[in-house]
Each structure stands twice: as structure tokens, then as C-alpha cells.
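The values are calculated or read from the model by the stated rules, or taken from the named source; none is laboratory data. Not measured: the values here are computed from a predicted model. So basically every Cβ, Gly included, is an ideal-geometry build from the backbone, and we count neighbours across all protein chains shown. Each accessible area value is taken on the protein alone, full model and side chains, heavy atoms only, with ligands, DNA and RNA left out. Shrake-Rupley method; radii C 1.70, N 1.55, O 1.52, S 1.80 Å.
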Amino acid sequence: MSIRWKFILIFLLTSLFPLILAGGAGFYHIEEISKVAISESSKSIEKAYEQLVEQKTWDIKKSLEHFISMNMMTQENFDLQLLQFDPSFTSFGVQTFGKTGFTYLVYGDKDKYKYFLHPNPKLIDQDITSEISKNFKLKQILSLADKQGVMGGYVEEKGEKYYYVIAKIASSPLFVFSRVDYKEIESPINNLKYAFNEEKNKFLLQYHIGGIATGLIVILVALLFSIRLSRPITYLTEVAERISLGELETPIDITSTDEIGDLADALRRMQVSLRKAIQRLQRRSQRR
């Protein structure tokens with residue numbers, strides 16, 4: 001390998017290797033920071049949605065309890081079933097929120113459950129005891145809500161995930177069910193992940209462009225430096241070759257003051273010494 005390519009290789013190794021290490025370390029830290037940020041942000045977003053649904057359910061529970069209490073006080077023969085046809089009661093019990101969230105009422109009596117109010121009128125009075133009993137998580141939330149008043153949790157239904165909040169309406173067999181599709185909760189989380197990935201991709205693009213540009217600059221600088229350094233060495237090698245062939249008058253046009261200049265001076269001294277040695281040999285041969 002010529003000295004020129006040795007210089008280029010050394011320049012590349014000493015300049016690009018630290019750049020690669022720094023870029024790798026930077027990407028690693030960005031990756032770790034994004035993981036922590038996404039994890040914490042996801043928890044915050046989920047918590048915010050959960051609190052929203054819980055607050056919505058709690059407000060409906062209180063409104064319905066007040067409505068039932070007022071009707072019981074004003075009606076001598078109060079019939080809970082008649083509330084299914086009361087627009088005011090229906091407007092309290094069946095509500096929508098967000099893009100996929102909605103509420104409905106379930107009538108529970110001796111472990112038997114049916115829809116009392118629902119956004120789909122066709123489902124009213126439909127028995128859902130078996131559906132609840134088959135879904136352990138939903139049944140657990142319902143049981144805890146019956147004891148504690150309000151309870152929430154995530155439930156799997158037919159391969160889909162939902163967040164449920166169930167509230168027991170005091171002094172009645174009714175429960176408020178609030179449900180929101182987890183995809184709605186997951187949407188801002190996915191947007192956040194997308195934003196972080198975009199930033200990482202921008203970093204990688206800028207890093208690659210910067211690395212290529214730096215590599216080209218290093219190669220150019222190394223090439224110019226190697227040419228500047230190797231040219232006088234190549235020239236002095238040719239001079240030394242010519243001197244070895246007997247061309248003792250070969251000019252040495254090197255005037256630098258560095259090591260190259262020292263080498264040129266050494267060759268000049270060698271020229272002088274060789275000429276003097278040849279002259280001495282010539283005089284001796286003439287004397288003989």
C-alpha cells in the first residue's frame with residue numbers, strides 16, 4: 001500500500017470512527033428517552049381517559065339517583081319500569097362522549113341482568129346474564145361496583161379491548177354502564193409514537209447526511225495532505241535513484257524546513273561526498 005493511501009486510511013479511521021461512536025451513542029440515548037417518554041405519556045393519556053369516563057359515570061349516577069328520589073317522593077305508586085319511557089330519565093341514562101364512548105343502564109335482580117336503557121332501543125329488556133357471566137373481568141367489575149358504588153377496568157370482548165366504568169344507582173336495582181373503545185384511548189398514544197419515530201428518522205437522515213459529508217471532506221483533506229506529503233518523498237526517491245545511477249549533478253529542488261527538508265539536505269551532502277570520493281579516486285588513478 002502506498003503512503004498516500006495509508007494517509008487516507010489513517011485520516012478516515014481517526015475522524016470517522018469517533019463520529020460513528022458519537023452518532024451511535026446519540027441514537028441510543030434518543031431511543032431510550034423516547035421509550036421512557038412514550039411509556040410515561042401513554043400512562044398519563046390512559047389515566048386522563050379513565051378519569052374522564054369515571055367522572056362522566058359518577059355525574060350520571062348522581063343525576064339518576066336524584067331523579068329517582070324526586071319521583072319516589074312525588075309519586076305514591078312509583079313504578080321504576082315507567083322510567084324507560086320518560087324522555088328526561090332517558091336523556092340522563094343514555095349519553096355519548098368522545099368518538100366511541102356511550103352509557104346505558106342495566107337492571108340487575110338476583111344475579112339476573114337485562115338492558116334497562118340502551119342507545120339501541122331494540123336491545124331494551126334483552127337478557128344479558130349469560131354475556132356477563134361469561135366475561136370474568138366484566139363480572140368482577142360489576143360485582144365490585146355493586147359493593148363499592150363505582151368501579152372501572154379494561155375488558156376484552158370478541159377480540160376488542162374496552163374500558164368500562166360501572167356505577168350502582170342507590171336505592172334501585174339499576175347500574176350505569178359506561179364504555180369506551182380502547183382504540184380511542186390508543187389513538188393519541190399512537191400519534192405520539194409516530195411523532196417520536198419521525199424525529200428519530202430525521203435524526204438518522206441528518207446523521208447520515210452529515211456522516212457522508214464529513215467522510216467526503218476527510219477524504220479530500222487526506223488526499224490533498226497525502227499528495228502534499230508524498231510528492232516530495234516521491235521526488236527525493238527519484239533523485240536518490242538517479243544519484244545511485246551516477247547522475248551526481250542531479251538538482252534537488254526542495255527548500256522546506258521540516259523533515260522533508262532535512263532529507264533533501266542529507267541527499268545534497270551525500271552528493272557532495274560522492275563527488276569528492278569520485279574525485280579522489282580519479283586523482284589516485286591518474287597518479288598511477
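Which of the peptides 88-97, 43-52 is most tightly packed, and how do the rest follow, judged by the mean count of other Cβ atoms within 10 Å per residue?
Ranked by mean Cβ neighbours within 10 Å, highest first: 88-97, 43-52.
To the nearest 20 debye, what is the magnitude of the charge dipole of the chain about its Cα centre, counting +1 on the Cβ of each Lys and Arg and -1 on the Cβ of each Asp and Glu? Show your work: numbers first, answer last.
Values: 37 positive and 34 negative charges, 535 e Å.
With only Lys, Arg, Asp and Glu charged at Cβ, the dipole is about 2560 debye.
Which residue, chosen from Ala240, Ile217, Ser187, occupies the Cα position most advanced towards the positive end of the dipole of region 185-252, where the dipole is computed from +1 (Lys, Arg) and -1 (Asp, Glu) charges on Cβ about the Cα centre?
Ser187
How charged is the neighbourhood of Met72? Take every other residue with its Cβ under 13 Å from the Cβ of Met72, and add Lys/Arg as +1 and Asp/Glu as -1. Working shown, then result.
Working: positive: none; negative: Glu65, Glu76, Asp79.
Surrounding charge for Met72 is -3.
Go through Gln84, Ser130, Gly23 and say which Cα lies farthest out towards the positive end of the charge dipole of region 12-156; charges sit on Cβ, +1 for Lys and Arg, -1 for Asp and Glu.
The listed residue farthest towards the positive side: Gly23.
For the chain, what does -39500 (n - 2.57) per DSSP helix run (n ≥ 4), summed and divided by total residues, give at 222 nm, in deg cm²/dmol to the nearest 500? Before the final figure, lay out the partial values.
Working: 6 runs with 190 residues, N = 288.
Calculated from helices alone, the mean residue ellipticity at 222 nm is -24000 deg cm²/dmol.
Calculated from the structure, Rg and Dmax of the Cα atoms in Å equals which of [x] 20.7, 83; [y] 20.9, 76; [z] 44.4, 157?
Matching entry in [x] 20.7, 83; [y] 20.9, 76; [z] 44.4, 157: [z].
Largest first and to the nearest Å, give the Cα extent of region 183-244 along each principal axis.
Principal-axis extents of the Cα atoms in region 183-244, largest first: 87, 13, 7 Å.
Keeping all protein chains in position, work out how much accessible area His29 exposes to a 1.4 Å probe, and write it in Å² to the nearest 10.
Ignoring ligands and nucleic acids, His29 comes out at about 110 Å².
Restricting the calculation to Cα positions, tell me the Rg (one decimal) and the Dmax (whole number) of region 127-202 in Å.
17.0, 60
Once the mean 1/r over all distinct Cα pairs of region 1-150 is inverted, what Kirkwood radius in angstroms do you read off? Don't skip to the answer; put the middle values down first.
Numbers: mean 1/r = 0.0479 Å⁻¹.
Final number for the Kirkwood radius of region 1-150 is 20.9 Å.
Using 0.36 nm per residue of separation minus the Cα-Cα distance, give me the extension gain between Leu9 and Asp262 in nm, one decimal. Before the final figure, lay out the partial values.
Values: separation 253, 0.36 × 253 = 91.08 nm, distance 2.63 nm.
That pair, Leu9 and Asp262, stretches by 88.5 nm at full extension.
Does anyone have the angle between helix 182-244 and the longest principal axis of the chain? Alpha-carbon axes, 0 to 90°, nearest 10?
0 degrees
Can you give me the % of accessible surface on the chain that is carbon or sulfur? Probe 1.4 Å, all protein chains present, nothing else counted.
Numbers: 10830 of 18540 Å².
Answer for the chain is 58 percent, counting heavy atoms of protein chains only.
Mind checking the angle between helix 259-287 and the chain's longest principal axis? C-alpha axes, 0 to 90 degrees, to the nearest 10.
Roughly 20 degrees between the two axes.
Going by accessible area, probe 1.4 Å, with all protein chains left in place, what is the ranking of Met151, Met73, Met270, largest first? Don't jump to the answer; show the numbers that get you there.
Working: Met151 45, Met73 150, Met270 75 Å².
Per-residue accessible area, sorted high to low, gives Met73, Met270, Met151.
Testing the spin-label approximation: label points 7 Å from Cα along Cα→Cβ at Leu274 and Gln206. State their distance in nm.
6.0 nm
How charged is the neighbourhood of Gln148? Take every other residue with its Cβ under 13 Å from the Cβ of Gln148, and add Lys/Arg as +1 and Asp/Glu as -1. Mind showing how you got there, number by number?
Numbers: positive: Lys61, Lys147, Lys168; negative: Glu54, Asp146.
After counting each charged neighbour, the total is +1.
Read phi for every residue in region 32-42 and hand back ³J(HN,Hα) as whole Hz from Karplus 6.51 cos²θ - 1.76 cosθ + 1.60, θ = phi - 60°, with x for Gly and Pro.
Calculated HN-Hα couplings, in order: 5, 5, 5, 4, 5, 5, 5, 4, 5, 5, 4 Hz.
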